[in-house]
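A.B. asks: Quick one: structure below, then a few questions.
No value in this document is a laboratory result; all are computed from the given coordinates. None of these values were measured; they are calculated from a predicted model. Here Cβ is always computed from backbone atoms with ideal geometry, including for glycine, and neighbour counts include all displayed protein chains.
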Amino acid sequence: MAPDPAYCSTCGTELDDREIEGRTRRYCHNCAKPIYRNPKPCAGVLVVDEQKHVLLVKRTQPPAAGSWSLPAGYLEADEPPQEAASRELHEETGLSVSTSDITLHDTNFVQHPSGQHILVVIYLTTRASTTGSPTPGSDAGAARFWDLEEIISSAQRIEPGYEGIFEAAVRVTNTTTSDR
Ligand SMILES: [Zn+2]
């Protein structure tokens, strides 16, 4: 968790703690209201191919700039998460996928250096459901498929907190495409 704010962003008054709705929240006496802190939604898609490799992009923006993660980005104000996920996949990797061919896989919380908490909605699809060939977009330094061994052995280059999510994506895709 990021440190709680010390001052009201509206009026500048020093904030207090107050028990509200079962949580200790920052409270501005002058504005007579609590300071709610909510995550900002983001969405992305994991693409797994027939060799159980996962398509990752090299991040150029915080958080975790320079690490490899799933293609993902912030939702537009009126954009459903599956549409944002499909759009970001296309923008960052050049691959296209229909929103009807992606399924909800997991969610993750990450924290921006600014202190903003981000809720990442993670979808899953197969390479066979996509069209195009991986080409890094302007928001990605690189885009390529990784095998699981590589993800585990070079974990420090993977965005922290994602190794288990990527492993599970490979495991689930295994079950549905090869084992049945
Ligand atoms: Zn205030």
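A.B. asks: Arrange Ile118, Ile20, Ile158 by Cβ neighbour counts within 10 Å, fewest through most, would you?
C.D. replies: Least to most surrounded, the residues fall as Ile20, Ile118, Ile158.
A.B. asks: Follow-up. Going by alpha carbons, how many degrees (0 to 90, nearest 10) lie between the helix axis of 81-93 and the longest principal axis of the chain?
C.D. replies: Helix 81-93 and the main axis of the chain meet at about 60 degrees.
A.B. asks: With a point put 7 Å past each Cα toward its Cβ, work out how far Arg18 is from Thr103 in nm, to one decimal.
C.D. replies: 4.6 nm
A.B. asks: Could I ask something else about it? So for the chain: antiparallel DSSP bridges make up what percent, rounded to the nearest 5?
C.D. replies: On the way: 29 of 39 bridges.
Within the chain, antiparallel bridges account for around 75 percent of the total.
A.B. asks: Return the distance in nm (one decimal) between the two label points of a simple spin-label model at Ser67 and His112, each offset 7 Å from Cα along Cα→Cβ.
C.D. replies: 1.7 nm
A.B. asks: Something else now. Please list, by residue number, every one of the GluC sites (Glu not before Pro) in the range 1-107 that is coil in DSSP and has at most 11 other beta-carbon atoms within 10 Å. Don't skip to the end; give the middle numbers.
C.D. replies: Numbers: sites: Glu14, Glu19, Glu21, Glu50, Glu76, Glu83, Glu88, Glu91, Glu92; in loops: Glu21, Glu50, Glu76.
Passing sites in the range 1-107 are Glu21, Glu50, Glu76.
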